[in-house]
1. Being more than 8 Å from chain B (Cβ to nearest Cβ) and in a loop (DSSP other than H, G, I, E, B) is the filter here; which residues of the range A:280-302 pass it?
2. On the basis of being over 19 Å from residue B:105 (Cα atoms), surrounded by 18 or more Cβ atoms within 10 Å (Cβ to Cβ) and away from chain B (no Cβ under 14 Å), does residue A:230 make the cut?
3. Kindly evaluate residue A:98 against the criterion of being crowded, with 23+ Cβ neighbours inside 10 Å and not in a loop (DSSP other than H, G, I, E, B).
4. Could you say whether any residue in the range C:185-196 is in contact with a Phe, Trp or Tyr (Cβ under 9 Å, 6 or more places away or on another chain), under 30 Å from residue B:264 (Cα atoms) and away from chain A (no Cβ under 14 Å)?
5. Out of curiosity, is residue A:115 surrounded by 19 or more Cβ atoms within 10 Å (Cβ to Cβ), small (Gly, Ala, Ser) and either assigned to a helix (DSSP H, G or I) or facing chain C (nearest Cβ under 8 Å) (or both)?
6. Output the residue which, of all residues in the range C:307-322 that are of a type outside the set (Phe, Trp, Tyr) and farther than 15 Å from residue C:450 by Cβ, is farthest from the other protein chains (Cβ to nearest Cβ).
7. Could you tell me whether residue A:441 is under 30 Å from residue A:387 (Cβ atoms), touching a residue at least 40 places away in the same chain (Cβ under 8 Å) and within 14 Å of chain C (Cβ to nearest Cβ)?
8. Please go through (1) over 30 Å from residue C:214 (Cα atoms); (2) within 8 Å of another protein chain (Cβ to nearest Cβ); (3) of a type in the set (Gly, Ala, Ser); (4) outside any loop (DSSP other than H, G, I, E, B) for residue A:87 and return the number of the only condition it doesn't satisfy.
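The values are calculated or read from the model by the stated rules, or taken from the named source; none is laboratory data. Everything numeric here is computed off the predicted structure, so don't read it as measured data. Using ideal geometry, Cβ is built from the backbone for each residue, glycine included, and neighbour counts are taken over all protein chains shown.
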Amino acid sequence: MTSAQLYYLLNLLIYAGIDIIACLGLSQQFGVAGVTNFGFIIFQAAGAYTAAILSLPNDSANGGFQSYLAGWNLPFPVPWIGAAIVGGLVALPFTFVVGRRLRGDFAAVGLLVTAVMFNLLVTNYRPFLNGAAGLSLVPAPLQGEYDPSGAGYQWAYAAIALVLAAGAYLLVRRVTESPYGRSLRAMRDNDLVADSLGKNLLAQRTSVLVLGGALAGLSGGILVGYITTWAPGAWGYAETIVLFAAVIIGGAGSHRGAVLGAILVPVGFEEATRYIPSTFGPPGFVDDLQWVAIGLLVVIFLWFRPQGVLPERRRIIGATAVPSNTPNEDVVSLAGPLHASRGAATAGSALPAADPAPRATASPAAADGGAVLRTVDLARDFGGVHAVAGVSIEVHRGTLTGLIGPNGAGKSTLLGMLAGTIPVTSGQVIYQGRDVTGLPAYRRARLGLVRTFQLASEFKRLTVMENLLSAVPSHRGDSLAGALRGRRCWRRDEEAAIARARVLLERFGLSSYADTYGGDLSGGQRRLTEIMRVLMTEPAMLLLDEPMAGVHPRLARQIGAQLLDLCAEGMTILMVEHELAIMDEFCDPVIMMAEGTVLATGTMTDLRARAEVVEAYLVG
Amino acid sequence: MSLFLASFGFGLVTAAVLAIAAVGFTMQFAVTDVLNLAFGAVMIASAFVAYALNQAGVNVWIGLLAAAAAGAAGSVLLNQGIYTPFQRRGSAPITMVIVSLGMTLIIEFGLQAIVGGTNVSYTMSQGPTVRAGGLVLTAVQFVIIGLAIVVMAAVHGLLRYTKLGKAMRATSANRSLARNCGIRTGRIVTVTWAITGALCGIAGTVFAINNGSFGATSADLFLVVILAAVFLGGPGSAYGAMLGAVIIGLATEISAAYITPSYKDVIAFAILLIMMVLRPGGLLGAAVS
Amino acid sequence: MLTTRRTQGPERHGFTAGEARRAAALGAALLAAAGLAACSSSGTSSSSSAGATTGSSASGSALVVADLAPFSGPDAALGPTYLVSCDGATQAINNAGGVLGHKLTCKGVDTRGDPADAVPATTQMFATTSNLALVIGCTSDEAASVVPIINSRKMVAFCMTGQSEFDSVHFQYFYRLVPPDLEESYAMIAIAQQLGYKKIALAFGNDIGSQTFIQPAISAISKAGLTLAANETLDLNASSFRTEADKIVTAHPDVILTEALGPTDATFLSEVKQLNGGTMIPVIGTSADISPDWYKSVAAAIGASTLATSFHADNLVTETSGPAYTPFYSAIMSEQGKVGSTGDFSTYLTAPGAVHLYDGINLAALAMVEAKSTVPSVYAPYIEKIGDGTPGAVVVYSFAQGLAALNQGKAIRYEGPGGPTSFDSFHDSTGIFQIDAYNASGAVQVTGSITAGQLRALS
C-alpha cells in the first residue's frame, strides 16, 4: 500500500468513526426512544462550529477576513469537550417541539423546519459564524506540537476517532440496556400508555435529545478538526437524510445496526460512487443517481425489512425456558387464588415481600370518609358538547366499583379525567384527600392512581416480562443518572422487580410467554399482560377501561375473580364494562351514567329496578 | 407607503401560488392522513412537463393544463402505489413521512438526472407591468392571482355544494363511519388525489412561471413554506390552508420590505414552529391542549 | 413508529464488561490490520512524513492532470467546464510530443461542492491515481479544506478560488492565476466610474464566493466618492426576490453590481426589469458571470438583446488575438465534438478558468521539461521562474514554442492568453482587468480596460 492509499484509508476510518458516533446518537433518539429528530444535523453543526470557534484565534487573525464569535485559541481537547456540551445544550430548545403532545409526524416536520431555519439564519447573519463563507483555517488539534500532515498524526487521529466511537457505543449501550432504556422503548412503542404508567415523557425525550445531541456535537468537533473548515453547505438537510437512511438500513434501535449503517451508507455507499468515473453520463448524473438510490433504499427497506439489517435484539431476562412460538392460546387457565399461587412461586427463589399488594401509604381511610377517589362537579366540554356534566361520585376503598352506561354516556371520558389523560373543563378530582385535578397522568400514576386502556396498549416490541418490568415505580435504574451509573446501581431493584413479575406471571398463567413480544400475543393474553403490568405499579387505585372486552367469557370470569382478590387485599378498583353479567357477578357498587351525567348508583339489582336506568339503556 | 403597497402586491402573488399548493396538500392529508412531503417534487416535475411542451412550441398556459393532468396522474400513482400499501400494513404516521421523503429523493433526483442541473425558463412574455396605486405587478402576476381565486372558488364550491365534496368531507372526518354510510371511500380517496394532484401540477407551473427560472430542486424550500401555510391554518382544513397561505404570503413579503429580506423565509418557518407548539390544530382547528 | 415484525431467535444478554472487551478488541484489530497492510507495502514511504506521491514515472506512461472541482450540486457546471480547458491544453501538449516522453491525460474528481465531501474525494484521488502530476480546479466551495491536503502531499495545484485567505497564507504548492475577490470588487467599481455611474446598488448572493465582494466594494465606493444606493443580499435558496428587487429599483441606482450564481441572478434580474417598468437597469457582474451557463439562464430570463445592451463584467485581461491566443483557440476548439457541451462550443473560450487553467497546465508542463522531472517537489520552483521570467529570457506563447526554446538551451518566459504572469510571495498572480460584455448572440466582447493605477486608487 502506498502512503497515499494509507492516507485514504485513514481518512475513511476517521469518517467512519465520526459517522458511527453520529448514527449512535441518532439511533438512540429515533430507534430507541422514538423521537424522529429530522433536525439532527444541527447538533453536529453546532458541535463543529463550537470546536472551530474555540480553537480559532481571535477573528482579526489571518488578515481578518472572517467574522465570528469567541476565537479563544483553546488547546485540544477543550474544543471537543465544548463541542459535545454545546451539542447537548442546543437540544434543549428542541424539546419544545417534541415535548408537546404532537403527533410523531408533526413533530418530525417541525424539527425538519427548525434545521432549515437554523441553516438560513447562520448563512445570512454573517457576524455570528461568518455566514455562508463558513470558517476556515481552523487549527487542527495540537498542530503546534505535531505536524498534522504526518503519517503518525493521521494514525493517532484515526485511533482517537475510533476509540471515541467505541466509547460512544458503550455509553449508549449502557443507557439502552438499563431499565431506563426499557422505559424509553416503552415510550417509543406507546407513549400515551407509558405516560399513564408514570413515565415523564418530557424528561425522557429531553434526555435522549441531549445525549444524542452531545454525541452529534462531538462528532462535529472531530470532523472539523480533521477538515479544518466548516460551512453551511456541509450541513444541509441532505446530510440528515443520509444519517436516517443509515440508521434505518442498519437497524433502528439496535446499536450494532447503527454502526453497520454508518459504515454502509455515509462511508460505504458514498465512497463507492466515487469510483464511478464522473464522465459517465451528463455532469452530475452519477450524483443524482446516488440520491435516487438512497431514496429507493429507504423505501425498499421500510417495506421489506423495516427492522434493518441488524434488528433490535429480543431481551431475555434471566434464565428462562425457550420462548413459546404458539401465540394464539386464548384460553389460559389462571392459577387459583392468591395464597396458593404465592406458595408455588416461592419455590426455589428467595422472595422478598414482592406481592402485588397495594401501596402502603397510610391509607387515609379516616380522612375523606373512606373514599379513595372523589369527584366534585366534574365536567368536560368538547366544543359545545357536554361529554361529562356535573358528575360527583365517590369510590370507596376496597371496592370493585363498576361504571356502566350506553354508548356515548361519557364513561371513557370520565375515566380519562380521573386518570389525567384527558383534561378537565371544570370541577375537581380528589384522590386520597388531595386535589389532583391539575396533575398530569404520570404524576397521578406515581401516587398510585393508574389506568388501563380500552384499545390494545401493550408495548409491542417489548417482551411480556419487559412490559411488566417497565411499569415498576421508583426503580433506581429508571432515570438517566441511574442508567449511567450502571448495573451495580440498579441490580437490586431489578432483581426484586423480576421476582415480583414472575409471581404475577405465574398467577395469571403466562409464565411460558415471558419472552414473547407483546405484539405477538393473542387478544386475551394482551389483556392479562395489561392487567399484570398495571399491578406492577403497586397501585392503590386502579381505573380499568373495559378490561374484559374481546376476552373469552371463562377467562373474563377468572380475571374478575382475581380482581376481587385484589380488592380484598385493600386495593380499590373502578371498572368500566359493557358486560352486565360481569357487573352482576363482581361489582358492588355500580355507577350508571347516561348522556354525561350519573343516573344512579347501587348494586345491579337496585339499578335494574329503576325505570330511568332501563329507559336509558333502551333509548340511549 | 408605496413600499408597503408594493410588497403587499408581491405578497398577494406569493399567497396565490401558495394557496393553490397548500389547499392541495392539506386535502391530501385530510383524506388519507399522510403528510405527503413529496408534494414539492410532484409540483416541479409537472412544471417540467409544461416546460417540455413549451420547448416544443406550445403556449405555457396550455402547458399548464398538461401539467395539471401530469400532476393528477402522478399523485394518484404515488398514493395507490406507495402510500396505500404502507398504510394497509398499519405503518405509523412517522413511517409514512420517511417514505414520502424517500419518494421526494427519487422523484426530484430522477428528474434532475433527466433534465440536468442547469436552470431553465419558460419562453413566455410577462406582459406589461401594471402600476395600480402603489402596486407594481405584471399582467401575468395578475393572471396568477386570478387563477388562484378561481381555484379557491372551485374548491369551495366542490366541498360545499357537490355530492363528491360532501363525500370527501365525510371521508376525511371519519373514514370508517363514512364507509358504513355507504360512501365508496376507496374511490373518493382516488378522486381526491386526482383533484389535488391537478392542483399540485397547476401550483408547480405557476410557481415556475413566477420564479422566472427554475430547476429540479427549486421546490425544496417552497415545500417548507407550504407546510407553514398548512399548519397555520390547521392541517386538513382547506379553508385553513387558504387563510394560512394569505397570511404567510403577506407576512413574508411585508416583513422582507421592512426588516431584511434575507430572513423572509425564516419568518414563515418561525410562524410554523410557533403554531405547532402552541396550537397544533391551527387557526381554524380545535385548540388541542 | 416502525411496523412490528417478528425478529430472529433469542440472543444472550451480554455483560457490559464483555462487550467492552469485544469492542476494544475489534478496534485494535482494525488498526493492527491497517498497520500490517501499511508495513507490508513495497515501501515508497517512510512512516513519519508524507512522502511524495509520485516517483519518477515509468517511461511512456501517461501523466494525469486531475480536475478537482464540483461535478454535482449547485456548482455542477464548473467541473466539466474546467475539464474542457484541461483536455484542450493537454491535447496540444501531446501533439507537441508530450512531457519528457509522457503523454498527459485529464481526469475529473468530483468534490460535490462541499468541503466535507471534498476531503475524501481528494485523498481518494491521491490513493488511486498513480502518475498524478498536477491538480487544477479547486474552487471556493472546497479550496479551504483540500488545499492543505494537496500541499502536504507536495502536489502542485492551480486553483480557481478568489478567497481572501489565499492572499496571505503561504502554501508552497498552491498557485493562483485568478484575481482575489478583493481586487475584483475594486475592478467592478472602476468600471462603474468609467461608465459614469454615480449611484451604485449592490446585490450579492449569500454564498462563500459572492459575499467576499461586499466589504471591499463598499469601501471602494466611498473612496471613489460615489454613492451607495442600496445593498441587498440575495438568499440563493429563495425562489423569488421581488422585495429585494423593489428596494433596489426604488432607490433609483445608476447601476447594480451583482454576483449571485445558480438561478438567482436570472430570477433577480428579470424581476428588476419587471419592476422597473420593463426597462433594465445597467448591471455590472464579476468574472464568474462570463460563463456559458450564466449567459444561458440570464438571457432566457431577461432577453438576449437586453443583456447585450445593459451588462458589463470585469475579467482579467485575456487575449482575443495574437500569438498566444491562436494556439489557445485551436487547442480548445479541437475538443469540439469530443467532449460533451452545452450549446455554442466557442463559449468555452471565455468560460471561467478557460485561459487560466490552460496557462497553468502549460506552465507546469514547461516547468517539468526544464526541471527534467515530473516530481512536483522538483519542478515546482520552475513554475515561478518560467512564469515571471529571468532577465534575457525568450518569450514563448505556447507549450510547443517553449519546448523548442528549452531544447535549444534557452531560458524562457511563458505568456499565455491570460497575459503575463507576476507571482507574488503567495504564488498569486493577477493581471490587468478588462471590461467584458455579451453581444446579442452571446459571444463575449472586450469593451474596455482598467489600469493598475485605477485599481490602486480604490484600494
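1. A:280, the sole residue that qualifies.
2. yes
3. yes
4. yes
5. Yes.
6. Our first condition is that a residue be of a type outside the set (Phe, Trp, Tyr); within the range C:307-322, this holds for C:307-310, C:312-322.
If we keep only those that are farther than 15 Å from residue C:450 by Cβ too, we end up with C:307-310, C:319-322.
Working: C:307: 13, C:308: 17, C:309: 19, C:310: 17, C:319: 28, C:320: 26, C:321: 30, C:322: 32 Å.
The selected residue is C:322.
7. Details: under 30 Å from residue A:387 (Cβ atoms): yes; touching a residue at least 40 places away in the same chain (Cβ under 8 Å): yes; within 14 Å of chain C (Cβ to nearest Cβ): no.
In short, no.
8. Just one mismatch for residue A:87, condition (2).
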